[in-house]
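Here is the structure we will look at, set down as structure tokens.
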Amino acid sequence: MESLASTLVDSQVDLNPHQVEAALFACRNPLSRGVILADEVGLGKTIEAGLVISQRWAERRRRILIIVPANLCKQWHQELLDKFSLQSLILETKSYNAIRKQTDRNPFEYGSGPVICLSVCESQGR
């Protein structure tokens, strides 16, 4: 709980107990390579994931990739900004190529926030 305390204080979200429990579960095991957050529609999976992402960012774990369907990219970008004060980058083919052309940097190592990509199936129209 202590590890999430600053993230909880800084977030602009009215949290439900089950969301805090899910975030704690996801952050609890330092050896875990990830978890799946699966709840009914409308119970706050985006908030739960946002808490975990914010916590990882606070721990200086700065390589965060979020893969979502195309219709959720802007929603994730906006919710991370509004609710967790995290600026993210939506990375699609056009923006990837523009960043590669302008800089020598790998766009996936954006550095100033999580990177949001649309799922491969979505980008290929499947």
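The values are calculated or read from the model by the stated rules, or taken from the named source; none is laboratory data. If you're wondering where the values come from, they're calculated on a predicted model, not measured in any experiment. With ideal geometry, Cβ positions are generated from the backbone for all residues, glycine too; neighbour counts draw on all protein chains shown. Quick note on the areas: whole protein, heavy atoms, side chains included, nothing else; ligands and nucleic acids left out. Shrake-Rupley method; radii C 1.70, N 1.55, O 1.52, S 1.80 Å.
When region 89-112 is filtered for residues that are of a type outside the set (Val, Ile, Thr), surrounded by 10 or more Cβ atoms within 10 Å (Cβ to Cβ) and free of Cβ contacts under 8 Å to residues at least 12 places away in the same chain, the ones remaining, listed by number, are 96, 97, 98, 100, 105, 106.
Of all the numbered requirements in (1) modelled with pLDDT under 65; (2) within 19 Å of residue 78 (Cα to Cα), residue 14 misses one, and that requirement is (1). Per the listing 118, 86, the residue uniquely under 20 Å from residue 14 (Cα atoms) and surrounded by 11 or more Cβ atoms within 10 Å (Cβ to Cβ) is 86. Before we move on, is residue 49 within 28 Å of residue 17 (Cα to Cα), aliphatic (A, V, I, L, M), without any contact (Cβ under 8 Å) to a residue 40 or more places away in the chain and assigned to a helix (DSSP H, G or I)? Yes. Do the conditions hold for residue 43, that is, is it part of a loop (DSSP other than H, G, I, E, B) and either open to solvent by 40 Å² or more (accessible area, probe 1.4 Å) or under 18 Å from residue 115 (Cβ atoms) (or both)? The answer is yes for residue 43.
Assessment of region 51-63 against the conditions (hydroxyl-bearing (Ser, Thr, Tyr), at pLDDT below 90 and surrounded by fewer than 18 Cβ atoms within 10 Å (Cβ to Cβ)) yields no matching residue. Could you check, for region 69-78, whether at least one of its residues is more than 21 Å from residue 13 (Cα to Cα), out of contact with any Lys or Arg (no Cβ under 8 Å at 6 or more places or on another chain), part of a helix (DSSP H, G or I) and open to solvent by 40 Å² or more (accessible area, probe 1.4 Å)? The answer is yes; a qualifying residue exists.
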